1. Please compute the length gained on full extension between GLN345 and THR244, using 0.36 nm multiplied by the number of residues separating them and subtracting their Cα-Cα distance.
2. Given a 1.4 Å probe, how much area per residue of the chain is accessible, in Å²?
3. Quick one: if the Förster radius is 25 Å, what FRET efficiency do HIS14 and ARG80 give, using the C-beta to C-beta distance and rounding to 0.05?
4. From the phi of every residue in the range 87-99, what ³J(HN,Hα) in whole Hz does the Karplus formula 6.51 cos²θ - 1.76 cosθ + 1.60 yield, where θ is phi - 60° and glycine or proline is x?
5. Nearest 500 deg cm²/dmol is fine: what mean residue ellipticity at 222 nm does the chain get from its DSSP H runs of n ≥ 4 alone, each adding -39,500 (n - 2.57), divided by its residue count?
6. Taking H as built 1.01 Å from N, whose amide H comes closer than 5 Å to the amide H of GLN64, not counting residues under 5 places away?
7. Output the pairs from LYS17/LYS252; LYS241/LYS287; LYS241/LYS326; LYS119/LYS287 with a Cα-Cα distance over 19 Å in this structure; if there are none, say none.
8. Taking the mean number of other Cβ atoms within 10 Å as a proxy for protection, how do you rank 96-108, 167-179 from highest to lowest?
Amino acid sequence: MGNIDESFFQETEHRPKQSTIEAENIPLIDLSPILTSDSFNSSSEITNLVAEIGDACQKWGFFQVINHGVPSTCREKIERASKEFFLLPTEEKRKVSRDEDNPLGFYDTEHTKNVRDWKEVFDFVVENPTLLPASHEPHDMKLMELKNQWPNFPNNFREACEEYAQGIEKLSYKLVELIALSLGLPSKRLNSYFKDQTSFMRLNYYPLCPIRDLALGVGRHKDAGALTVLAQDDVGGLEVKRKTDGEWIQVKPTLDAYIINVGDIIQVWSNDRYESIEHRVIASSMKERFSVPFFFNPSHYVMVEPLEELTNEGSPAKYRAYNWGKFSTTRNLSNFKKLNVENVQIYHFRNGDL
C-alpha cells in the first residue's frame, strides 16, 4: 500500500461493503409544533410528536428533525468557517493541537476501537468553565478545566462556532424534554443533569481517501453521552446499524435537517427502553466531507443510573450507577493512544442475573 499507515486498516469483517443500503425509512420528524412555545401543552399535535419521538427512539435510536428552529444562517456560517479552517496548511492547524492535558482543539490521529480514523477534527466546549476529572483513577478527586483553543484564522471562526452552539444547545434541551415525555416523565425531568454540562461540539473533516475499501472515516461506535445532534453536508457517509437485522444502512442527507441519535446515557436512564445504536462513517475517494456533531453531555458529577420512575419489582434496574466524569475521562484516553484493553462501555456496569 505504498506509504499509507496501516493503523488505518480495519479488520476484514469491519471494512465497508462495496454496495450500501439507503435508509429511506429512518424517521423524519417535523418539530414545528414546539417552535411557538417554550412549554409543551397537551395539544394533539404535541401528543403525536411525542409518540413519533418515542417510536423512533425505540425502533431506530436515530431520527432526523426538520423545522427545528436553528437559523440556517448559523449553520452556513459554521460550515463555511469549518471548511476554511481545515483547508489551512497542517502546520497552521497544529498551532491549536489538542493533547492528553487538554482534549480540545485540532487533532488528526484519532482512534476508534483502536483503529485510526480517516479524518481530522476540531473540538470545543460550550459551557464556561467546563470541568472534568483530571484522572480516570477512581480515588483521584482532582478536577481540570477544559480550555478552548481558538485559531487565529479564519477571522470569524470563534464567533461562528459560539453562535451555532447556542442554537444547537437550545434544540438539544427541547429534544431531551420530548424524550422525557415519551418515557412518561415530566418534560423537565432530565434538565437538571445538564447544569454544569460537559457538552462539546466537534467539527469533522474527512479528506479524500485512496483506501476507502480498507479504512473508515470513523469506525463503528456508540456515543457515550446523552444525545447527539449532527449536521452533515450533502456528501453523506453516515451509516447506522439497523436493529432488526444488523445491516449497515446509509443515512441520506436531507436539506436543513439534523440527525439525532440516542446516546448510552439515555439508554441507561431509560433502563434499556431506548437503545444507543452503533454507527460509523464511510470514507470517500470522490469528495471531501464535512460534518458538525454536538454531543449533549451532563455534568461531571452526575451519577448515571436507571431512573427510579422507570424501574420496579418487575423491571429492576439493569445497570449499576457510574460517574459520568470518570467514565468520560477514561474514554478520552483511547483517543490518543492504542490501548491493550477494550475501552470502558456501559455494559461493564450491567447488573447480572436479570
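1. That pair, GLN345 and THR244, stretches by 34.1 nm at full extension.
2. Values: 16510 Å² over 354 residues.
So the chain comes to 47 Å² accessible per residue, rounded to a whole number.
3. Values: r = 34 Å, r/R0 = 1.35.
That pair, HIS14 with ARG80, gives E of 0.15.
4. Going residue by residue, I get 8, 5, x, 4, 5, 6, 5, 6, 5, 10, 5, 8, 8 Hz, with x marking Gly and Pro.
5. Numbers: 6 runs with 77 residues, N = 354.
Value at 222 nm, helices only: -7000 deg cm²/dmol.
6. Long-range HN contacts for GLN64: LEU28, ILE29, ILE260.
7. Details: LYS17/LYS252 17 Å; LYS241/LYS287 23 Å; LYS241/LYS326 28 Å; LYS119/LYS287 13 Å.
The answer is LYS241/LYS287; LYS241/LYS326.
8. Details: 96-108: 17.0, 167-179: 20.8.
By packing density, highest mean first, the sequence is 167-179, 96-108.
The values are calculated or read from the model by the stated rules, or taken from the named source; none is laboratory data. Model, not experiment: these values are computed from the prediction. So basically every Cβ, Gly included, is an ideal-geometry build from the backbone, and we count neighbours across all protein chains shown. SASA here: full protein model, heavy atoms, side chains in, ligands and nucleic acids out. Shrake-Rupley method; radii C 1.70, N 1.55, O 1.52, S 1.80 Å.
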